[in-house]
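The values are calculated or read from the model by the stated rules, or taken from the named source; none is laboratory data. Note that the structure is predicted; figures quoted are calculated from it, not measured. Methodologically, a virtual Cβ is constructed for each residue, glycine included, from the backbone with ideal geometry; neighbour enumeration extends over all protein chains shown. What goes into the accessible areas is simple: the full protein's heavy atoms, side chains included, and nothing from ligands, DNA or RNA. Shrake-Rupley method; radii C 1.70, N 1.55, O 1.52, S 1.80 Å.
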Amino acid sequence: MTRSSSARDLDWTLLGFVLALCTLGVLQIYSATRSTVWRGAHYKQVGYILAGLLFLWLVAQFDYHALLDRVPVFYLLAVVALVAVYIVGQVRFGARRWIPLIWGFQFQVSEFVKLVLVLLVARYFAEVRRDSVSGSDLLKIGALAGVPMLLVMKQPDLGTALSYAPIVAGGILGAGLRWKHVATLLIVGALVLPAGWHFLKPYQKERLMTFKDLNRDPRGSGYQLIQSRIAVGAGGLWGKGIAQGTQTQLRFLPVPHTDFIFSAYAEEHGFTGVLLALALYFVVLMRIIYNAQTAADRAGALVCLCVALLLLFHLLVNVGMVVGRMPVTGIPLPFMSFGGSGMLTIFMLLGLVNSVRLRRFVN
């Protein structure tokens, strides 16, 4: 094994804080599901974490330059896989997002597309030999990212489709963005958003309307947010203790081990526990940014920056959702929410970050 791929050169500080967050997630999943039909989900989550660590190690062994060289192939495979979802995908909760695998496992293609987009964006802007991006660059990368985004929105999965945007934003910011382009994007966004209303599904429109007025349908579309805010507030300073949260344990809080796990965590661990979790997330993000700063080249820095912005987006949207400051979008909380495809994807993204780190001294 060469020095560039030595295990001791991995970012163990980053991995340590990530595993601390995973531990909090496993404990909360156990607490939230111990007397429900999802009982034992924490064992599965431990399995996903262990598999994630293996995938992290495997991805880190690949030189990210070699992966960047194969971006066209990865992109084509990603688009084909997203199309295949419409042919062989299974419908769950009214959406067709999963491709069935062996032994009952299911593969959510849209999660793994994030890896491809990170590599795509990093390669595209690494090849831009100017101090800032041009308007044509924005149009090209927008079109490339727009294809998988539209395919995912049609599943429908608006939350995952929106999570592709911070990846593109990471590349644009890293490559340099002119103020006139910022103004243009804001104007285009202001014009497109009202038109986009007509393309939303009825339940998506209902979520947005409920976000503006939670009392509009307190027993229906507003129920999740109302119960989530009650749970967060009930935690107080120190929380009610593991398996002691009333909103969580009495099943007032829907799916407390997935999208709304932070609500259950806040109820049982309080403001102090929330500060601890947010501090851990802060260190994780700062370590990724540090790896971007020490990268050997622009491509490596862009890979790390895109991963950092993606995780920050997930964190801000999920936490904002559970406290009622953002509409319900179905975006999970990194490292804590239950789920296989999402957990494996996050660890593979961290594998890319470590691939950059392992080769920071390679010419």
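Quick look at the values:
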{"quantity": "Residue ID - surrounded by the most Cβ atoms within 10 Å (Cβ to Cβ), chosen from residues in region 21-40 that are under 15 Å from PHE335 (Cβ atoms) and in contact (Cβ under 8 Å) with a residue 40 or more places away in the chain", "calculated": "GLN28"}
{"quantity": "Residue ID - most open to solvent (accessible area, probe 1.4 Å), chosen from residues in region 130-160 that are assigned to a loop (DSSP other than H, G, I, E, B) and within 22 Å of PRO202 (Cα to Cα)", "calculated": "LYS154"}
{"quantity": "Selection from region 59-93 of residues that are part of a helix (DSSP H, G or I), touching a strand residue (DSSP E or B) at 6+ places or on another chain (Cβ under 8 Å) and open to solvent by less than 60 Å² (accessible area, probe 1.4 Å)", "calculated": "ALA81, ALA84, VAL85"}
{"quantity": "Residue pairs meeting the criteria (Cβ under 6 Å; at least 6 apart or on separate chains; first farther than 20 Å from VAL26 by Cβ, in region 49-65; second modelled with pLDDT under 95 and open to solvent by less than 50 Å² (accessible area, probe 1.4 Å))", "calculated": "GLN61/SER5"}
{"quantity": "Close pairs from region 294-312: first surrounded by 20 or more Cβ atoms within 10 Å (Cβ to Cβ), partner part of a helix (DSSP H, G or I) and of a type in the set (S, T, N, Q), Cβ under 6 Å, at least 6 apart", "calculated": "CYS304/ASN291"}
{"quantity": "Those residues of region 206-220 which are open to solvent by less than 60 Å² (accessible area, probe 1.4 Å) and charged (D, E, K, R), in sequence order", "calculated": "GLU206, ASP217"}
{"quantity": "Some residue of region 319-330 being over 21 Å from LEU200 (Cβ atoms), part of a helix (DSSP H, G or I) and open to solvent by 10 Å² or more (accessible area, probe 1.4 Å)", "calculated": "yes"}
{"quantity": "Which listed residue is among the aliphatic types (A, V, I, L, M), modelled with pLDDT of 90 or more and surrounded by 14 or more Cβ atoms within 10 Å (Cβ to Cβ), from LEU50, LEU56", "calculated": "LEU56"}
{"quantity": "Residues being β-branched (Val, Ile, Thr) and outside any helix (DSSP H, G or I) - total across region 284-299", "calculated": "1"}
{"quantity": "Filter result for the condition that a residue is of a type in the set (Ser, Thr, Tyr), open to solvent by 30 Å² or more (accessible area, probe 1.4 Å) and outside any loop (DSSP other than H, G, I, E, B), over TYR281, TYR203", "calculated": "TYR203"}
{"quantity": "Scope region 346-363; condition among the β-branched types (Val, Ile, Thr) and modelled with pLDDT under 95; matching residues", "calculated": "VAL362"}
{"quantity": "Residue match in region 1-20 (condition: open to solvent by 10 Å² or more (accessible area, probe 1.4 Å), over 30 Å from ILE242 (Cα atoms) and in contact with a strand residue (DSSP E or B) (Cβ under 8 Å, 6 or more places away or on another chain))", "calculated": "no"}
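Residue by residue, here is whether (1) modelled with pLDDT under 85; (2) within 25 Å of MET343 (Cβ to Cβ); (3) out of contact with any Cys (no Cβ under 8 Å at 6 or more places or on another chain); (4) open to solvent by 20 Å² or more (accessible area, probe 1.4 Å) holds:
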{"position": "GLY222", "(1), (2), (3), (4)": "yes, no, yes, no"}
{"position": "GLY236", "(1), (2), (3), (4)": "no, no, yes, yes"}
{"position": "ILE242", "(1), (2), (3), (4)": "no, yes, yes, yes"}
{"position": "THR248", "(1), (2), (3), (4)": "no, yes, yes, no"}
